[in-house]
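Okay, so here's the structure we're looking at.
The values are calculated or read from the model by the stated rules, or taken from the named source; none is laboratory data. Being a predicted model, the structure only gives us computed values, none of them experimental. With ideal geometry, Cβ positions are generated from the backbone for all residues, glycine too; neighbour counts draw on all protein chains shown. SASA here: full protein model, heavy atoms, side chains in, ligands and nucleic acids out. Shrake-Rupley method; radii C 1.70, N 1.55, O 1.52, S 1.80 Å.
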Amino acid sequence: METTEQKKRIFSGIQPSGIITLGNYLGAVKNWVNLQDEYDCLYCIVDMHALTVRQDPAKLRQNTMSLAALYIACGLDPVKNIIYIQSHVPAHAELSWILNTFTYMGELNRMTQFKEKALKHADNINAGLFTYPVLMAADILLYQADLVPVGEDQRQHIEITRDIAVRFNNIYGDVFKIPTGFIPRAGARIMSLQEPDKKMSKSSEDANSYISMLDDPKVIVNKVKRAVTDSDCVVKYDPENKPGISNLMNIYSCFTDKTYEEIEKEFEGKGYGDFKLAVGECAADNISAIQTEYNKIIKDKAYLEELFRSGAERADRIARKTLSKVQKKVGFVMKQ
Ligand code: AQP
């Protein structure tokens, strides 16, 4: 028996739909790093999810490699954690199909992410975009995950995962563990630097709206300098009336562990220029340390390929167990 079996299990993932942003880092990866000792963790690169928006194949491949290198550069240990590519473990697609038949159109119709993405990609409202939450439910339920650390935007998808699991269990007995979302207190919703009422997204068309984890440090400082704020020049946490400044305070707080009160004191009587410079430099310093590691890892193709091979093998072993159980329960004749 593996010693890790005593620990609670975590599953989470990110789409290689671009280079991850500071939002993905602070809302997800940074917390994953803190959880890796205490939990038995699977961190997936969800390339099948990325296909729900049209991708350039060469870029998708490149972004997948980059995301793996960034996971490790950010501090995820590939031995302690299972790091793998979703499409390398066929059980995700197989379970997703079965779960589609336990999910109602009405439930999927309520999903905010679907509504937002359908508006953004009106020329490609594909069935995969609609059933995205079902694939996510399959990702999580396959591994009998206890906890799913995600940013605030994924809360609704965790809820539907729980609903699908409960529905299935009510019919067939205790097949799935009912997972809980784990949303960090700080950093759960990093907003766009240009439109602070919208979340920061890696696939945004305006490069000034996000900080990419691979942006040059000087670019990071400049993007923060250009961030949209208000005109009253007081550094005060007030998301409703001062969303731009509050967003920068959130970012600063995530990196420095300072409370909003401490930040307000630090910048009392100082202008936005000083504050933005401090936020920009702090983000740039932290991100550039990650980039130094990234630059070493991304060059080593053989290392990444071995990581993918062993990650998929370890994930597949766990996933197959759940999938077989589900297949038996629904009445499939099992292949001998
Ligand atoms: N702005 C954000 N603030 C905090 N957390 C965030 N996350 C995403 N944006 C923010 C968290 O990052 C994890 C991975 O997200 P994803 O790539 O699977 O999908 P997403 O939520 O749709 O992220 P993006 O960056 O907005 O991607 P695109 O532009 O492709 O849609 C999740 O845990 C998410 O909560």
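For residue 316, are the conditions met, namely being of a type outside the set (Lys, Arg) and loosely packed, with under 15 Cβ neighbours inside 10 Å?
no
Here are 311, 244, 273, 280: which of them is open to solvent by less than 30 Å² (accessible area, probe 1.4 Å) and in contact with a Lys or Arg (Cβ under 9 Å, 6 or more places away or on another chain)?
After applying the criteria, what remains is 280.
Take the conditions in contact (Cβ under 8 Å) with a residue 40 or more places away in the chain, assigned by TED's automatic domain parsing to the domain that holds residue 40 and charged (D, E, K, R) and apply them to residue 197. Does it pass?
no
So, of the residues in region 187-222 that are away from the ligand (no atom under 13 Å from the Cβ) and not in a loop (DSSP other than H, G, I, E, B), which turns out to be farthest from residue 288 (Cα to Cα)?
So, considering only residues that are away from the ligand (no atom under 13 Å from the Cβ) and not in a loop (DSSP other than H, G, I, E, B), the one farthest from residue 288 (Cα to Cα) is 208.
Within region 154-168, can you find the residues that are within 15 Å of residue 100 (Cβ to Cβ) and open to solvent by 60 Å² or more (accessible area, probe 1.4 Å)?
163 - this is the single residue of region 154-168 that is within 15 Å of residue 100 (Cβ to Cβ) and open to solvent by 60 Å² or more (accessible area, probe 1.4 Å).
In region 173-193, how many residues are more than 22 Å from residue 33 (Cα to Cα) and open to solvent by 50 Å² or more (accessible area, probe 1.4 Å)?
3
Residue 146 passes all but one of (1) more than 22 Å from residue 316 (Cα to Cα); (2) surrounded by fewer than 21 Cβ atoms within 10 Å (Cβ to Cβ); which number fails?
Single failed check for residue 146: (1).
Hey, does region 122-132 have a residue that's open to solvent by less than 50 Å² (accessible area, probe 1.4 Å), in the same structural domain as residue 44 (by TED's automatic domain parsing) and on the phi > 0 side of the Ramachandran plot?
Taking region 122-132 as the starting set, the residues that turn out to be open to solvent by less than 50 Å² (accessible area, probe 1.4 Å) are 124, 126, 128-132.
Pick out the ones that are also in the same structural domain as residue 44 (by TED's automatic domain parsing) and you get 124, 126, 128-132.
Imposing the further condition that a residue be on the phi > 0 side of the Ramachandran plot reduces the set to none.
Within region 122-132, not a single residue is open to solvent by less than 50 Å² (accessible area, probe 1.4 Å), in the same structural domain as residue 44 (by TED's automatic domain parsing) and on the phi > 0 side of the Ramachandran plot.
Check whether at least one residue in region 46-69 is open to solvent by less than 60 Å² (accessible area, probe 1.4 Å), without any contact (Cβ under 8 Å) to a residue 40 or more places away in the chain and within 14 Å of the ligand (Cβ to nearest atom), and report yes or no.
There is at least one residue in region 46-69 that is open to solvent by less than 60 Å² (accessible area, probe 1.4 Å), without any contact (Cβ under 8 Å) to a residue 40 or more places away in the chain and within 14 Å of the ligand (Cβ to nearest atom).
Looking at (1) farther than 30 Å from residue 330 by Cβ; (2) surrounded by 14 or more Cβ atoms within 10 Å (Cβ to Cβ); (3) under 17 Å from the mean Cα position of the chain (by Cα), can you tell me which one residue 34 breaks?
For residue 34, the failing item is (2).
Give me the residue from region 132-164 that is among the acidic types (Asp, Glu) and within 12 Å of the chain's Cα centre (by Cα) and, out of that set, farthest from the ligand (Cβ to nearest atom).
The selected residue is 152.
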